[in-house]
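Worksheet: the structure to be examined is printed underneath.
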Amino acid sequence: MSIPASQRIFLDNNSTTRPLDDVVDLVAEQYRTHYANPGSAHADGRQARRILEDAREQLASLLGAHPQEVIFTSGGTESINLAIQGFLSGSPGEIVLPAGEHPATLNTIRRLAPRGIKQIQLPLDAGGRIQTDGLLKQNWEHVQLATAILAHNETGVIQDIAPLVEACQKHHIPLHLDCVQAIGKIPFHFHDSGATAVSLAAHKFHGPRGVGALIVKEGARLLPQIAGGHQERGKRAGTEPVALAAGMALALATAVGEQEQRSNQTAALRDRLQKGLQELCSPTVVNGSQQHRLPNTLNISFPGLDGEALLISLDLAGISCSLGSACASGSRDPAPVLLAMGCEERVYRSAVRLSLSFLNTKEEIDAAILRISKVVNQQRS
């Protein structure tokens, strides 16, 4: 018997989050009142342009950037594509990246192979962080770009990017950071980060889907990837989504303003969930550094079980979670990041990602512990 929708527990917030009510209301209001094209010269267009630029200025202020550095896109995947392809010189070369990156990064780089672009993967340690030795051994002569996830979507592990920043600055290589999971969850300041560009997506911090941004350091050379008009200072053609941009700015302002409270609350719930599962579902393995991870993410394995079978049973039990990246859904291949961390097959085959939100409650987490443990123990019996 299926679980009623009202009793389901959503633990898949790294794939997407529920938009805040205030954000939904604002987006709807903007669609009703400021629907004009922001590129139009008439009064309605100018008013729409003002809403768009207000959102741009607010995002820049919240993230330690200048307004002219913010390029609106359709989301994280487009931002990552624009950064990876836009910084290349057009000649054969190399892109340096940690092993186990997001499919938006890996598949974009793979498609560049016919152009002579090779990927050089930096090894990870058992905790999912870049091994410094790999950076020291790297030959940078033919490198055109470095890219890395700041906070991993599957494990929640937060990278120490300082050595990578130092290497890129030393060799004058642009650095792109995939901050899609990080922004809104942990403090971030663009100009202090050392990055040339960062990607973000509104729907990861309770904003609307269909809008994101690429923040690009002023003066950096970035080639547009979409042909068309001259929107976004010629870097991204297409009519800008005024209402969605306004919703994105509100969601981020709320996330930043409540960041410490949300982080503490979510981490406490995550730790409660982890402790409960470890007690009731032994043996378990928590994947990734527990010292350096997002406050909302738990990647946990139940050795001896099959992750896909477990996921189906959890769904039937009213638990919404995932095996890893929603962008890799449908693939039966093990998560590249877990392989890169050196996890054993019995560990990576049974891994599940549980990602929380500040909207989750203690009662939901306690219920989730009981439901998950029941499923796990039934499958082990």
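The values are calculated or read from the model by the stated rules, or taken from the named source; none is laboratory data. Everything quoted here is computed from the prediction, not taken from an experiment. Because the Cβ atoms are built from the backbone with ideal geometry, glycine has one as well, and the counts that use them run over all protein chains shown.
Restricting attention to segment 9-44, the residues being among the small types (Gly, Ala, Ser) and under 22 Å from GLY318 (Cα atoms) number 1.
The selection criterion, being within 23 Å of PRO187 (Cα to Cα), touching a His at 6+ places or on another chain (Cβ under 9 Å) and touching a residue at least 60 places away in the same chain (Cβ under 8 Å), does not hold for GLY100.
Evaluate the following for LEU339: is it at pLDDT 95 or above, on the phi < 0 side of the Ramachandran plot and not hydroxyl-bearing (Ser, Thr, Tyr)? So LEU339 fits the description; yes. Residues that are surrounded by fewer than 23 Cβ atoms within 10 Å (Cβ to Cβ) and part of a helix (DSSP H, G or I) within segment 349-374 comprise LYS362, GLU363, GLU364, ILE365, ASP366, ALA367, ILE369, LEU370, ARG371, SER373, LYS374, listed in sequence order.
Residue-wise test of (1) touching a residue at least 12 places away in the same chain (Cβ under 8 Å); (2) β-branched (Val, Ile, Thr); (3) surrounded by 17 or more Cβ atoms within 10 Å (Cβ to Cβ); (4) closer than 17 Å to GLN225 by Cβ.
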residue	(1), (2), (3), (4)
THR17	yes, yes, yes, no
GLN30	yes, no, yes, no
GLY39	yes, no, no, no
ILE51	yes, yes, yes, no
PRO67	yes, no, no, no
ILE71	yes, yes, yes, yes
ASN81	yes, no, yes, yes
THR108	yes, yes, yes, yes
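Scanning segment 190-225 for residues that are of a type in the set (Val, Ile, Thr) and either surrounded by fewer than 16 Cβ atoms within 10 Å (Cβ to Cβ) or in contact with a Pro (Cβ under 7 Å, 6 or more places away or on another chain) (or both) returns THR196, VAL211. Residues in segment 226-248: is at least one touching a Leu at 6+ places or on another chain (Cβ under 7 Å), closer than 23 Å to GLU141 by Cβ and surrounded by fewer than 24 Cβ atoms within 10 Å (Cβ to Cβ)? The answer is no, given that none of the residues of segment 226-248 is touching a Leu at 6+ places or on another chain (Cβ under 7 Å), closer than 23 Å to GLU141 by Cβ and surrounded by fewer than 24 Cβ atoms within 10 Å (Cβ to Cβ). Scanning for something over 29 Å from PRO187 (Cβ atoms), crowded, with 17+ Cβ neighbours inside 10 Å and either in contact with a Phe, Trp or Tyr (Cβ under 9 Å, 6 or more places away or on another chain) or touching a residue at least 12 places away in the same chain (Cβ under 8 Å) (or both), does segment 282-299 turn up at least one residue? Yes: one or more hits.
Only one of THR254, THR284 is under 30 Å from ASN37 (Cα atoms) and polar (S, T, N, Q). Can you tell me which?
Values: THR284 fails: under 30 Å from ASN37 (Cα atoms).
THR254 is the lone residue from the list that is under 30 Å from ASN37 (Cα atoms) and polar (S, T, N, Q).
In this structure, does ASN37 turn out to be in a loop (DSSP other than H, G, I, E, B) and outside the structural domain of GLY212 (by TED's automatic domain parsing)? No, not satisfied. Just to be sure, is SER313 within 28 Å of GLY76 (Cα to Cα) and either in the same structural domain as GLU101 (by TED's automatic domain parsing) or hydroxyl-bearing (Ser, Thr, Tyr) (or both)? Taking the combined requirement at face value, the residue does not satisfy it. Highlighted here are the strands (runs of 3 or more DSSP E) found entirely within segment 197-314 that include at least 3 residues which are touching a strand residue (DSSP E or B) at 6+ places or on another chain (Cβ under 8 Å) and of a type outside the set (A, V, I, L, M, F, W, C): 297-301.
If you go through segment 89-101, how many residues are touching a Leu at 6+ places or on another chain (Cβ under 9 Å) and modelled with pLDDT of 95 or more?
8
Among the residues examined, PRO334 does not qualify as at pLDDT 95 or above and either assigned by TED's automatic domain parsing to the domain that holds ILE183 or in a loop (DSSP other than H, G, I, E, B) (or both).
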